[in-house]
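What follows is a single structure, written as C-alpha cells, with notes after it.
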Amino acid sequence: MPGPEHRPTLLLAGDGEPLEDALVAALDRRDVAVRRAPGDAKVETAIATAPDMMVLMGDAVRDGGRSVLRAMAQSPAASVVPVALLMDDATLDARMRAFRAGAVAVVERSASADAVAERIAGLLAELPERPGEARGELGETTLDEIVDLVRRELRSGILSVSRDGEAAHRVVLGAGGDVAKALESFVRELQPLVAKAEPLRYHLLEATGGRLRLDEGDTGVRGDRRVLRDLRVLLLDDDSGRADLLAQALRGEGSQVAVARVALMGLDQARALDPTVILLDATAIDGVGFDVVRAIRRDPRLRWASLLVASLDELCPSGGSP
C-alpha cells in the first residue's frame with residue numbers, strides 16, 4: 001500500500017451532491033486524498049492545493065461545468081489541473097460538450113459510490129500515462145479525417161506533417177488562436193504535397209497535460225507580460241540577448257524565471273524550477289522546439305506546466321533583442 005506522501009490528491013468542487021460523503025469514504029479506501037473546494041473559491045483552492053485532478057459535481061455541473069472550466073482556463077496556474085465532471089448524463093454529446101469546454105473526462109453518476117470512486121481512481125492512475133500522440137500516413141482521405149477530428153473535438157496541440165528527407169510543416173492549435181482558420185490555412189499549404197505520389201506522415205502531439213495557448217490574434221493578451229505575473233516561468237530561447245531582456249522584465253512582474261536554450265539538454269534546469277508556464281517562441285516549433293515539446297509532455301514533472309507559444313519579440317520590453 002502506498003504511503004501518505006504517494007497518495008494522489010483529488011479536489012472535489014460543487015454543492016448538493018448526495019453521493020459526496022460515501023464517495024469520499026470510497027476514495028479513501030483506494031488511497032486517494034480528498035480535499036474540498038469552497039463554493040466561491042474553486043480556482044483559488046485549485047491553485048493552493050495543486051491537486052492531481054479536480055472533480056466538479058452537484059451545482060458545479062448544472063451548466064456542464066462550463067463556468068468553472070472557463071474560470072480555471074483564465075489562470076495559467078489553475079489551467080494545468082485536469083478537471084473531470086461527475087454527471088448523470090454521460091452520453092457522447094454530453095462528453096463532447098465537456099471536452100470542448102476543457103474537461104478531461106466525464107464520470108457517469110450512478111447509485112453506487114463505490115463504482116464512481118473506482119472510475120475516478122482509475123482516471124487518477126491513467127492521466128499521467130496518456131501518450132497524447134497520434135501518427136500515421138497521410139492521404140487526402142486521412143487529411144479530411146484529421147481536419148474533421150480537430151474541428152469536432154477542438155483538440156489543442158501541434159500537428160506536424162512531413163515527407164522523408166524534407167522539412168516538416170507544422171501548425172499550433174491552441175486556445176488564443178482561431179483553430180478553424182489556422183487549420184484551413186495549413187490544409188491549403190498541404191494540398192499540393194498530398195497530390196504527390198510519395199507518402200506524407202502526420203504526427204499529432206496533443207496537449208494532454210497542461211494547457212497549450214497560442215498568443216496571437218485578437219486575444220486581448222498579445223504581447224502582454226502581465227498574464228505571467230507571479231508565476232514560475234521557464235523561458236526557452238536561443239537568442240540570449242532577448243532572453244535576458246525578457247527574463248528581467250518578467251522578474252519585475254514578480255515571476256520566478258529560469259532561462260534555457262531550445263534543446264533537450266535544458267530540461268534538468270526546468271525540473272528544478274517546477275514551472276507553472278513554459279514560454280516558447282513561435283518560430284521554434286518548426287525546428288527542435290517540436291522535439292522539446294514532446295519531451296516536456298512525456299516528462300512526469302513537466303507535463304502539467306502550461307505551454308505558451310508566443311512571439312518573444314513582442315513580449316520583450318524593447319520590442320526585440322538588442
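What are the residues whose amide H is under 5 Å from the amide H of M54, where those residues sit 5 or more places off or on another chain and H is modelled from the backbone?
L11, V83, A84
Can you list residues from other chains, or at least 5 along the same chain, whose modelled amide H is less than 5 Å from the amide H of R232?
Q256, T276, V277
Which trypsin sites (Lys or Arg not before Pro) in the stretch 1-85 pass both tests, a DSSP loop state and at most 13 other beta-carbon atoms within 10 Å? It would help to have the intermediate numbers written out before the result.
Numbers: sites: R29, R30, R35, R36, K42, R62, R66, R70; in loops: R30, R62.
Qualifying residues, ordered by number: R62.
Any read-out appearing in this document is the output of simple, stated calculations on the displayed coordinates, not a laboratory observation. Note that this is a predicted model, so its numbers are computed, not measured. Positions of Cβ are backbone-derived with ideal geometry, glycine not excepted, and every protein chain shown enters the neighbour counts.
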